[in-house]
Amino acid sequence: MSTAYGDGTRAVHAGLPEPVPGEPFLPGPVFAAPYHLDPVAGPAAAPDGYGRSDNPTRRRLEDAIGSLEGGSCLTFASGQAAITGLLLAVLRPGDTVLLPADGYYAVRAFARSTLDRLGVSVRLAPTAGPYPPFDGVRLVLLETPANPGLDVCDLAALAEAAHAAGALVAVDNTTATPLGQRPLDLGADVVLASGTKALTGHSDLLLGYAATRDAALLEALRTWRNQTGGIPGPFEAWLAHRSLATLDLRLARQSANAAAVAAALAQHPEVTRLRWPGLPSDPAYPLAQRQMRRIPGVVSFELRSAEHVARFLAASRLVAAATSFGGLHTTADRRAQWGDDVSEGFLRLSCGCEDAADLVADIGGALDKVSGTG
Ligand SMILES: *Cc1c(COP(=O)(O)O)cnc(C)c1O
């Protein structure tokens, strides 16, 4: 799909086959473990032989995501399967990997439980910096905006510095999505993401992917995936592709809702700290304006205690308590309960596709009840 088209056009048409009279726009999922083989030529005769390595529904989704990221895409069973797949496919004993100190917590847990044991040395740097020198580092994993604190890092500058030191650069693009930010254009070697969040946006499936322009890295990842088996099923792949068509619409509404909600939160006396990279007063604002194509619908803020959060969630009718983010329904998650290194009253609020006025009224009313004034 041509990059000259706008985001809505690209999202709606991404990965769809050429029109065939009598066929659906997006062909239904193909369910197969083995496929019929040519009895003489075997797997050489057709593209599909066995479901772990070959599935046409999955390939269509990979074409779609790849066209949005600007690289070749491989999908995985979850974001974690994609991220751990890259780390294990690339890193060798004696290598050093640099991970975000404030990024997705399960990646640090994996580094502690598995990378340490394999003899890979793990260093951490906060997303907003300062970064250590990259000398001796094999792989730099960046996550921007970082989940859950929403700090932002300069991808082009960090990719240049990392490449000068001979390191590979991977970027977790989960929070931004490919319509929010194109890390491969900014110099990253590979993009990783969870498709469970805003990319598919209906809170009904798990998915991950890696996208790259590096043919050798793509093959290493394909071999890794085929040998370890962390593939998404065809129904997930099909649901994800169907959902991708509305990505532009969903992000536009979520981002507009986040702008309205962040403006309201900034005024409320119960809110002790607020982060949203789209707020002009936010420390990440100037960099986000330069680097990002749009700002995600996720807002982070703090109340005074876990008890305040519980009262807020109980009082709200539109904010569901749930982890994950990027879905159609507005949700909020107290991140300390999952082990993130944040205050007890830290909330990650994911704005859904409801009406902004309804959300602002509901959230403001619930915060008033927290303080006992409403
Ligand atoms: C959720 C998330 C992941 C993990 O994705 P799953 O699909 O849950 O495995 C990785 N990185 C970030 C930034 C995430 O938010």
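Residues whose amide H comes within less than 5 Å of that of Ser72, counting only those at least five positions distant or on another chain, are Thr212, Arg213 (H built at 1.01 Å from N in the peptide plane).
Tell me what the chain gives for mean residue ellipticity at 222 nm when only DSSP H runs of n ≥ 4 count, each as -39,500 (n - 2.57), the sum divided by the residue total, rounded to 500 deg cm²/dmol.
-10500 deg cm²/dmol
Where both bridge residues fall in the range 2-151, DSSP classifies roughly 20% of the beta bridges as antiparallel. Distance distribution note for the range 248-369: the fraction of Cα pairs above 23 angstrom is 23%.
For the range 7-244, the dipole from Cβ point charges (+1 on Lys and Arg, -1 on Asp and Glu) about the Cα centre works out to 500 debye, to the nearest 20.
Once you order the gyration tensor axes a ≥ b ≥ c over the Cα atoms, which shape class does the range 7-244 get: rounded for a/c under 1.5, otherwise prolate or oblate by comparing a/b with b/c? Prolate, because a/c is 1.5 or more and a/b exceeds b/c.
Using the Cα gyration tensor of the range 1-109, with a ≥ b ≥ c the square roots of its eigenvalues, what is the shape: rounded (a/c below 1.5), prolate (a/b larger than b/c) or oblate (neither)? Oblate shape, in that a/c is at least 1.5 and b/c is the bigger or equal ratio.
Placing a label point 7 Å from the Cα of His163 along the Cα-to-Cβ direction, the residues of the range 33-70 whose backbone N falls under 20 Å from that point are 69-70.
The magnitude of the dipole of the range 106-165, with charges of +1 and -1 set on the Cβ of Lys/Arg and Asp/Glu and taken from the Cα centre, is near 340 debye. A cut-off of 5 Å between modelled amide H atoms, ignoring neighbours fewer than 5 places along the same chain, links Ala125 with Leu99, Ala101.
Axis of helix 306-315 versus longest Cα principal axis of the chain: the two differ by about 90°, to the nearest ten degrees. The residue list Ser343, Ala188, Val20 was ranked by how far each Cα lies along the charge dipole of the chain toward its positive end, using unit charges on Cβ atoms, and Ser343 comes out on top. Annotation: the antiparallel percentage among DSSP beta bridges lying fully within the chain is about 60. Give the separation of the Cα centroids, the range 25-98 to the range 177-252, in Å. What the calculation gives is 11 Å, centre to centre.
Relative to the longest principal axis of the chain, what angle (0 to 90°, nearest 10) does the C-alpha long axis of helix 79-90 take? Taking the Cα atoms of the chain, the angle to 79-90 is about 60 degrees.
Where a number appears in this text, it was derived from the coordinates with a stated rule and is not lab data. Computed from a predicted structure; not experimentally measured. So basically every Cβ, Gly included, is an ideal-geometry build from the backbone, and we count neighbours across all protein chains shown.
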